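The next block holds one structure in the form of structure tokens; read it before the comments.
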Number of protein chains: 2
Amino acid sequence: MINTHRMGDAHGKPLIEVCFSPAHYNLYDPKESIVVVADILRATSSICVAFHYGARSIIPVKGPEEAIEYKKLGYLTGVERQGEKIEGFDFGNSPFSYMDPAIKGRDIALSTTNGTRAIQTAKDAYKVVIGSFLNLDILCEWLKNQNQHVITLCAGWKNSFNLEDTLFAGALVYRLRNHFDFSYGRDTCIAAEYLYLLGRNDMNKFLKESSHRRRLEKLGIEKDIKFCLTPNTAPVIPVLDGNALVNSSVLAV
Amino acid sequence: MINTHRMGDAHGKPLIEVCFSPAHYNLYDPKESIVVVADILRATSSICVAFHYGARSIIPVKGPEEAIEYKKLGYLTGVERQGEKIEGFDFGNSPFSYMDPAIKGRDIALSTTNGTRAIQTAKDAYKVVIGSFLNLDILCEWLKNQNQHVITLCAGWKNSFNLEDTLFAGALVYRLRNHFDFSYGRDTCIAAEYLYLLGRNDMNKFLKESSHRRRLEKLGIEKDIKFCLTPNTAPVIPVLDGNALVNSSVLAV
């Protein structure tokens, strides 16, 4: 366990760690940590938008079958697989589809390829919060105030490393490094921060070569990608409360 | 499986991939790939030195008990745990300890914390070869001539990502990128190459903050680290043949 080597405690600051994919998550000890789940393209970005537009709750569900059960209970439903919306549900994984006034006050059941799975993976952590560039600054302020260890869990692509989630993790490290300590697991922090500093002036261009980006380009969602890389357009704090995400911030539109 | 999306084949070039740690290895399909195992500080560096000094074979073994059995058979033995040599064996994990003329023509049983475990992990690949900065150029030439897919398996630290193995993986990508294609798993390749390009002018300094480096500094092996980051001092090609590594190059001293 990486955290058995925790050093940060000696200085009285909580620790910040980065987990590159759910496949590495068992190397971390999340019991005393807030886990920030990041699936930048596009699940956690869309979740932030939905809360910014006033969704009351979002329940991460395993797949279409479970979403159908929630639909019967009056939930709105979002189901995405391989980057595409599944027929018969209200939303896919595009943040724009959640910019709908009709969402206000509603509960949503959501299943996406990587994002909701990562949320499930983290569910036993001290606390789970949703991260994206869209809520970057407010999330950092919130994390500073919690005074807890932080692990950013990159959702990745089918358990493997991806660049866009890593850039986001690096953005957090860059903003939080003075308020947190690194542990012995900090090589991922250092790498993520370096990559963020390399890419931050034009993340869109930086990601042009990346795998998930190319996969999504095939689906013609350039506009989504650009939006998901724009900081601070949805200042919300979606936290897991029981089996549902709710917005801890009072700034929803 | 990342390789089900293989793109490179379309262009007739083999693929190059990077696996950040043994925990991700099951996402790759090594059956048609040469796996380059890298444990830069210090197992794969030491293996290269041992072959450069004329070792006949090196058998990766699980632990001290198995090493003792080989000792009874006349093998030299190297056993390291937590960075330190284990009492009663001939070598630890310092490359300098293998710079011994007495090693010439001898067989060695070797067990290290991360390196030999990574070799075991890769043993069913099409071919397994040992990589380090010490054999960087000759290894790249050899890989170009094999015309096979290549996966660099970073040994990491107890299954987690580390910077020094990633820098080495990036050095391979940088040198081989014109002869190979990236697959959909290429985000790790891109990240590794970026980190290598950032660090290559002074890798020693670049790694100063890294976790394993700090762990090793405590053991007072600055000299080892500097040596392990020096390219091309041990131009050998250690490949796995059955259960033993042998040198495929004819350039041993």
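Residues are listed down the side, and each one gets a yes or a no for (1) over 25 Å from residue B:204 (Cβ atoms); (2) out of contact with any strand residue (DSSP E or B) (no Cβ under 9 Å at 6 or more places or on another chain); (3) in a strand (DSSP E or B); (4) more than 14 Å from chain A (Cβ to nearest Cβ):
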| residue | (1), (2), (3), (4) |
| --- | --- |
| B:129 | yes, no, yes, yes |
| B:136 | no, yes, no, yes |
| B:140 | no, yes, no, yes |
| B:145 | yes, yes, no, yes |
| B:151 | yes, no, yes, no |
| B:164 | no, no, no, no |
| B:167 | no, yes, no, no |
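If you go through region B:7-38 and keep only what is modelled with pLDDT under 90, in contact with a Leu (Cβ under 9 Å, 6 or more places away or on another chain) and part of a loop (DSSP other than H, G, I, E, B), you end up with just B:7.
Yes/no per residue for (1) in a helix (DSSP H, G or I); (2) of a type in the set (Val, Ile, Thr); (3) in contact with a helix residue (DSSP H, G or I) (Cβ under 9 Å, 6 or more places away or on another chain); (4) in contact (Cβ under 8 Å) with a residue 60 or more places away in the chain:
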residue	(1), (2), (3), (4)
A:68	yes, yes, no, no
A:77	no, yes, yes, no
A:105	no, no, no, no
A:123	no, no, no, yes
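Against the condition surrounded by fewer than 22 Cβ atoms within 10 Å (Cβ to Cβ), under 25 Å from residue B:142 (Cβ atoms), within 12 Å of another protein chain (Cβ to nearest Cβ) and out of contact with any Gly (no Cβ under 9 Å at 6 or more places or on another chain), how does residue B:177 come out, does it pass? So residue B:177 passes the test.
Selection within region B:94-128: residues that are buried (at least 24 other Cβ atoms within 10 Å of the Cβ) and under 21 Å from residue B:235 (Cβ atoms). The member of this set that is modelled with the lowest pLDDT is B:115. Does residue B:206 count as modelled with pLDDT of 85 or more, in contact with a Gly (Cβ under 6 Å, 6 or more places away or on another chain) and assigned by TED's automatic domain parsing to the domain that holds residue B:143? Judged against the criteria, residue B:206 is a match. Does residue A:80 meet the test of being of a type in the set (Asp, Glu) and crowded, with 19+ Cβ neighbours inside 10 Å? The answer is yes for residue A:80. Of all residues in region B:135-185, those satisfying the criterion of being more than 11 Å from residue B:20 (Cα to Cα), touching a His at 6+ places or on another chain (Cβ under 8 Å) and of a type in the set (Gly, Ala, Ser) are B:183, B:185. For region B:129-136, the criterion of being of a type in the set (Phe, Trp, Tyr) and either farther than 18 Å from residue B:42 by Cα or not assigned by TED's automatic domain parsing to the domain that holds residue B:35 (or both) is met by no residue. Per the conditions (1) in a loop (DSSP other than H, G, I, E, B); (2) on the phi < 0 side of the Ramachandran plot; (3) away from chain A (no Cβ under 14 Å), the sole criterion not satisfied by residue B:41 is (3).
The values are calculated or read from the model by the stated rules, or taken from the named source; none is laboratory data. The shown structure was predicted, so the numbers you read here are calculated from the model rather than taken from an experiment. No Cβ is skipped: glycine too gets one built from the backbone with ideal geometry, and neighbour counts run over all protein chains shown.
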